[in-house]
Every structure is written in structure tokens, then in C-alpha cells.
1. Given the options ALA42, GLN116, THR185, identify the residue whose Cα lies farthest towards the positive end of the charge dipole of the chain (+1 on Cβ of Lys, Arg; -1 on Cβ of Asp, Glu).
2. Can you give the charge dipole size of the chain about its Cα centre, rounded to the nearest 20 debye, using +1 on the beta carbon of Lys and Arg and -1 on the beta carbon of Asp and Glu?
3. Please say if region 92-161 is rounded, prolate or oblate, where rounded means a/c under 1.5 for a ≥ b ≥ c the square roots of the C-alpha gyration tensor eigenvalues, and otherwise the choice is prolate for a/b larger than b/c and oblate otherwise?
4. Using the Cα centre as the reference, give the magnitude of the dipole from point charges on the C-beta atoms of region 92-161 (Lys, Arg: +1; Asp, Glu: -1; all else neutral), rounded to the nearest 20 debye.
5. I want to check the label-to-label distance for ASN177 and GLN136. Put each point 7 Å from Cα in the C-beta direction and report it in nm to one decimal.
6. Using a 1.4 Å probe, how large is the accessible area of PHE124, given in Å² and rounded to the nearest 10?
7. For the residue pair ALA100 and PHE245, what label-to-label distance in nm results when each label sits 7 Å from Cα along the Cα-to-beta-carbon direction?
8. Using the alpha-carbon centroid of each, what span in Å lies between region 224-243 and region 131-185?
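The values are calculated or read from the model by the stated rules, or taken from the named source; none is laboratory data. Quick caveat: nothing in here was measured; it's all calculated off a predicted structure. Glycine gets a Cβ as well: all are built from the backbone with ideal geometry, and neighbour counts include every protein chain shown. Ligands, DNA and RNA are excluded from the accessible area calculation, which covers all protein heavy atoms including side chains. Shrake-Rupley method; radii C 1.70, N 1.55, O 1.52, S 1.80 Å.
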Amino acid sequence: MKKFLLVTDLDNTLVGDDLALAKLNQCLIQHREQYNTQIVYATGRSLTLYHELATEKSLLAPDALITSVGTEIYLEGSKTPDQAWSDKLSSNWNLEQIIAITNHFADLVPQPESEQGAFKASYFLTPESAKSTLPQLKQQLQAQGLEAKLIYSSSQDLDILPTQADKGMAMTFLRQNWQIEPTCTVACGDSGNDLALFQSGLECGIIVGNAQPELLQWHYMNPNSNRYLAIAHCAGGILEGLEHFDFL
Ligand code: GLC
Ligand code: MG
């Protein structure tokens, strides 16, 4: 057993099976005490929706919080997003121009105001519309010289982010600041916006058993022995994966 950094998505990854979550929390509390293991939540939710979830579910206080699909980082206890990370995202990012383009797409239904951020424009989009809308939107952004990353998750959510932002890049930023090796880092997820957590292939990856088709498809197309597909769902899958990698 040794210290590790756990970076986990919340909805349908850490959260979704209350009994398994209680069991995992117990192991993590002990591990934290003994080895100073660090916990980071990497969620698509805004800080507002994170706080909502934290009142409903028993979540351990994280050492840092990555919210809004990697566009905001909150270090332990802080109420304001990390400035160094925001500075990195602001170059070549023009939210107003991006929104001016998305306004032309009737199929893009804006998500609630709480889920719109300085570095994140989010919409609901059906899978049927996504097939034609995503390539057209990409093409129009490119034609206007706008740099942006499109992330489509769970057959319903479209996030438009700066190219320098996603959950994986935010994880790397924290990991490097904390001087933790990728081999001592475990990333866990279930859907499209978690794919970036597995992209470098250097960190240990756990995909929970209830993962969405978009992530599973990518997993099978990009095999990597550092990535484990669990059988168990949600926190049960994380536990299974941590045992697989000998962290627990
Ligand atoms: C969360 C966020 C939403 C985002 C989705 C996928 O549900 O609230 O804004 O689109 O995650 O990343
Ligand atoms: Mg999720």
C-alpha cells in the first residue's frame, strides 16, 4: 500500500450506489490517514450543482475540486477558481463569438444559466441531431478561426470549452503542481467528458461497469493496459479497480 492521487468523476461514477460509496469512503478515510492519499473530484457540474450534490450524498471533503468539465479548479476550501488555471484557459478563447455561432443552431438548447461559465458554453442536444449538428458546428467555428473543443456526453450534453481545457488537462495541472507521478494517480469515469482523464494513458484508469457507450467504444478502440474496465457499477467499480491496481 502506498499514497496515491484519486481523481474521480461524480455522477454515475463515485455517486450512484450509496452502499458501495459508503464502503469506498471508509477505505479512503483510512488510506488518507495512513498514507496521505489525495482526493480530487472532477465533475461536469458547476460549483453550484456540486454543492447541491454534496448536500444529498455523503462525499468526503476533496483536496481539490475540478468543476465545469475541467474549466474551473478549486483548491481545498477555496471559493474562487484557481487564477493560474483560468489564465491558461483565457488565451484564444472568445465566448461571445462562439455563442453568436451556436445561436444559429436551433437544435442546440442552452442548459440552465448555472451551467454556463466563463470557459464553458453548454447545451442539450439529442443524439439524432448530434450526427449532423456536431460536424456543422465544428466546421463553422473553424471557418471563423475560433478555437474550441466540443465534448458530447451521455447522448444529451454538449460542452464547448477552450482547447486547453478538459478534465484530463486539469488533472495533469494538479498532479504536476503536487509533484505526483502518473503511476501513482488513478482516474475514474463513466461518460464522454471523462474520456480526457484516460487520454494520456500514463495514469491508471478505471472505467466503471455502468459506463456510457461513447466511453466504452473509445476504450475498446484504444486499448491500454493501464486502463481497467470494472464489472461493478459506480463506487463498487472504483473499489474493484483500486484493488486491481493494488492501491487498496
Ligand atoms: C454536468 C453539467 C453539464 C454538462 C454535463 C456533461 O451534467 O452540469 O453542464 O454538460 O455534466 O459534461
Ligand atoms: Mg459521470
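1. It is THR185.
2. 420 debye
3. In terms of gyration-tensor shape, oblate.
4. I would put it at about 220 debye.
5. 4.0 nm
6. Roll a 1.4 Å probe over it and PHE124 shows about 90 Å².
7. Using points 7 Å along Cα→Cβ, the separation is 4.4 nm.
8. 24 Å
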